[in-house]
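The values are calculated or read from the model by the stated rules, or taken from the named source; none is laboratory data. Keep in mind the model is a prediction, meaning the values are calculated, not measured. Heads up, the Cβs are rebuilt from the backbone with ideal geometry, glycines too, and the neighbour counts pull from every protein chain shown. Protein only, heavy atoms only, side chains kept; ligands, DNA and RNA dropped before computing areas. Shrake-Rupley method; radii C 1.70, N 1.55, O 1.52, S 1.80 Å.
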Amino acid sequence: MLYINCPHCGMRSQNEFSYGGDASVKRPEINKEVSDQEWDNFVYNRKSLRGKHLELWQHISGCRQWIKVERDTATHEIFRTFKADEEVA
Amino acid sequence: MQKYSIFNLVKNAFSNHQNWDLAWKDPTPKEEYDVVIIGGGGHGLATAYYLAKEHNITKVAIIEKGWIGGGNVGRNTTIIRSNYMHDENGLFSEFGMDLWRKMSQDLNYNVMFSPRGIINLAHSDAQMNAYARRGNSMRLNGIDAVLLNREQVKEIIPMADFSDNVRFPIFGGLMQPSAGTARHDAVAWGYARQADSMGVDIIQNCEVIGFDVNAGKIKGIRTSRGNIKAKKVGICVAGSTNILAEKLNMTLPIETHLLQACVSEPVKPVLDKVVTFGAGHFYVSQSDKGEMVMGGDLDGYNSYAQRGNLPTLQHVLTEGIAMMPFLSKLKMLRTWGGIMDMSMDGSPIIDKTHIEGLYLNCGWCYGGFKATPASGWTFAHTIAQDRVHELNAGYSLNRFSTGHLIDEKGLGTKTWIS
């Protein structure tokens with residue numbers, strides 16, 4: 001069982017959350033010419049590496065906010081959590 | 001190579017089976033090969049075998065970080081089927097079914113292929129309609145499919161829950177009678193033994209740490225046991241695909257996720273089919289030892305852990321008990337996990353890459369084991385001829401940018417949803 005520290009609600013079990021994938025993916029800017037490659041990278045292509053991974057989770061059975069979680073994909077250790085609009089240094 | 005036969009079995013019994021040849025050698029890597037296959041799993045071993053058998057290319061090495069057959073070919077639930085709706089998947093898998101039927105003879109190794117049939121249960125009228133459509137598509141591609149009504153399903157699997165007040169009543173199901181199971185380890189070992197006998201070097205405990213690429217052309221690989229020159233390199237590493245892709249500065253439409261499976265204690269024969277629950281994601285069959293072999297959803301977040309988490313297992317087994325209540329009486333014997341190369345449309349990639357002489361075989365999602373022979377056969381063709389075969393033409397790497405997705409399940413890019 002993972003325990004995720006929701007920045008809004010505190011430490012909760014994994015059962016309250018649903019997963020939203022890689023949080024480092026950025027949508028191409030609106031009102032700008034976007035190449036096929038940029039769309040590809042946004043929609044399909046993922047690094048998905050072993051080790052530290054910044055990802056989105058939604059606290060679906062809690063405050064329903066989207067949050068960012070920094071987790072190790074091999075050990076499942078969770079290092080830090082952030083609000084969705086927080087910049088990750 | 002010593003042939004496995006009743007005659008040799010009897011002969012070796014006189015020496016207490018102490019004098020059998022080793023099934024494969026443990027060579028040190030040579031300086032150069034015509035083809036290097038990275039990954040000594042089912043697909044890599046099959047690729048090497050078909051390179052030697054079909055294309056007469058025997059200066060081949062298989063480079064394996066751990067031991068052969070220690071990854072997903074040793075961790076799956078052994079199901080073999082070709083019950084796909086889309087042409088690309090159906091024709092590819094049905095070609096594989098033919099190879100499965102001949103495999104034990106072909107490899108001189110008993111892979112215990114058991115075409116016992118698979119039933120996908122339906123729990124609503126809409127699902128029955130969808131299965132009728134899928135069954136018709138299968139039959140148009142020459143794949144056997146039978147639509148069963150509730151009574152017919154009840155006759156075959158009376159132990160399923162047919163009571164009236166269940167949340168997901170069984171309306172019927174779609175059966176592929178020729179689907180089944182096989183002994184997974186034997187598949188890896190059979191391919192390894194034959195490939196070795198034809199001159200392929202199986203190099204274990206050898207990790208790939210980098211690639212030598214010059215002017216857009218592959219020159220060789222760097223490994224923990226030294227540099228190896230190669231004219232062609234095939235990558236066949238399932239859940240570790242992204243790790244190697246990063247060394248090549250490639251970003252792929254693949255995410256690595258964890259899938260669990262489990263077996264119960266062995267019980268007397270009760271289930272002679274593979275059965276899947278249609279209102280969720282759960283499948284079960286009974287092994288020759290009597291264990292109920294079960295699996296279902298991904299753990300649901302990127303993972304390289306090769307071991308699972310309990311919430312998903314609990315969720316999957318809840319579905320199992322809803323489908324077959326007697327499962328709740330069984331004790332769990334083992335659970336384990338493997339890491340899946342989940343592609344963004346649920347279908348695999350067997351293709352050339354932008355680097356000349358570098359080939360990619362990945363994106364098998366949940367369905368890698370059954371594809372072992374067809375994947376090896378088509379990947380060997382793609383490497384040997386430097387062009388894709390018509391069977392894997394649809395499994396291209398650029399289909400994501402051209403929009404020719406093969407989205408069998410209609411899930412889109414959220415691979416962790418099931």
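Within the stretch B:229-242, can one find any residue that is within 14 Å of another protein chain (Cβ to nearest Cβ) and β-branched (Val, Ile, Thr)?
First pass over the stretch B:229-242, keeping only residues within 14 Å of another protein chain (Cβ to nearest Cβ): B:237-242.
If we keep only those that are β-branched (Val, Ile, Thr) as well, we get B:237, B:241.
Within the stretch B:229-242, one or more residues are within 14 Å of another protein chain (Cβ to nearest Cβ) and β-branched (Val, Ile, Thr).
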Considering only the stretch B:384-418, how many residues are surrounded by 12 or more Cβ atoms within 10 Å (Cβ to Cβ), among the basic types (Lys, Arg) and either more than 9 Å from chain A (Cβ to nearest Cβ) or at positive phi (or both)? 2
Can you tell me which residues in the stretch B:52-87 are in contact with a Phe, Trp or Tyr (Cβ under 9 Å, 6 or more places away or on another chain), over 19 Å from B:Arg225 (Cβ atoms) and open to solvent by less than 20 Å² (accessible area, probe 1.4 Å)? B:Gly69, B:Val73, B:Thr77, B:Ile80, B:Ser82
Would you confirm whether any residue within the stretch B:253-263 is over 26 Å from A:Glu70 (Cα atoms), open to solvent by 10 Å² or more (accessible area, probe 1.4 Å) and either in contact (Cβ under 8 Å) with a residue 24 or more places away in the chain or away from chain A (no Cβ under 13 Å) (or both)? no
Listed residues A:His76, A:His53; which is in contact (Cβ under 8 Å) with a residue 60 or more places away in the chain and facing chain B (nearest Cβ under 7 Å)? A:His76
Reported set for the stretch A:80-89 where residues are open to solvent by less than 70 Å² (accessible area, probe 1.4 Å) and either closer than 12 Å to A:His8 by Cβ or at pLDDT 95 or above (or both) is A:Thr81, A:Phe82, A:Ala84
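Report yes if B:Ala186 is surrounded by fewer than 22 Cβ atoms within 10 Å (Cβ to Cβ), closer than 23 Å to B:Met97 by Cβ, among the aliphatic types (A, V, I, L, M) and touching a residue at least 60 places away in the same chain (Cβ under 8 Å), otherwise no.
Details: surrounded by fewer than 22 Cβ atoms within 10 Å (Cβ to Cβ): yes; closer than 23 Å to B:Met97 by Cβ: yes; among the aliphatic types (A, V, I, L, M): yes; touching a residue at least 60 places away in the same chain (Cβ under 8 Å): yes.
Spelling it out, B:Ala186 is indeed surrounded by fewer than 22 Cβ atoms within 10 Å (Cβ to Cβ), closer than 23 Å to B:Met97 by Cβ, among the aliphatic types (A, V, I, L, M) and touching a residue at least 60 places away in the same chain (Cβ under 8 Å).
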Working only within the stretch B:1-28, note down all residues that are open to solvent by 100 Å² or more (accessible area, probe 1.4 Å) and in a helix (DSSP H, G or I). B:Ile6, B:Phe7, B:Lys11
Looking at the stretch B:123-177, which of its residues are part of a helix (DSSP H, G or I), open to solvent by less than 80 Å² (accessible area, probe 1.4 Å) and more than 14 Å from B:Lys273 (Cβ to Cβ)? B:Ala126, B:Gln127, B:Met128, B:Ala130, B:Tyr131, B:Ala132, B:Arg134, B:Gly135, B:Ser137, B:Met138, B:Arg150
Over the stretch B:256-269, the set of residues part of a loop (DSSP other than H, G, I, E, B) and either acidic (Asp, Glu) or within 15 Å of the chain's Cα centre (by Cα) (or both) is B:Glu265
Flag if A:Glu77 is surrounded by 13 or more Cβ atoms within 10 Å (Cβ to Cβ), closer than 20 Å to B:Gly300 by Cα and under 16 Å from the mean Cα position of the chain (by Cα): no
Can you tell me which residues in the stretch B:339-383 are within 14 Å of another protein chain (Cβ to nearest Cβ), surrounded by 24 or more Cβ atoms within 10 Å (Cβ to Cβ) and among the small types (Gly, Ala, Ser)? B:Ser343, B:Gly363
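So how many residues does the stretch A:19-38 have that are facing chain B (nearest Cβ under 8 Å), on the phi < 0 side of the Ramachandran plot and surrounded by 13 or more Cβ atoms within 10 Å (Cβ to Cβ)? Write out each step before concluding.
Taking the stretch A:19-38 as the starting set, the residues that turn out to be facing chain B (nearest Cβ under 8 Å) are A:19, A:21-22, A:36-37.
With the extra rule that they be on the phi < 0 side of the Ramachandran plot, the set shrinks to A:19, A:22, A:36-37.
Subsequent filtering for residues that are surrounded by 13 or more Cβ atoms within 10 Å (Cβ to Cβ) retains A:19, A:22.
So the answer is 2.
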Of the residues B:Ile6, B:Ile57, which single one is without any contact (Cβ under 8 Å) to a residue 12 or more places away in the chain and either within 15 Å of B:Ile383 (Cα to Cα) or not polar (S, T, N, Q) (or both)? B:Ile6
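Among the residues of the stretch B:313-338, what is the count of those that are at the interface with chain A (Cβ under 10 Å from one of its Cβ atoms) and surrounded by 21 or more Cβ atoms within 10 Å (Cβ to Cβ)? Steps first, answer last, please.
Within the stretch B:313-338, the subset at the interface with chain A (Cβ under 10 Å from one of its Cβ atoms) is B:314-315.
Filter once more, keeping what is surrounded by 21 or more Cβ atoms within 10 Å (Cβ to Cβ): none.
Total meeting the criteria: 0.
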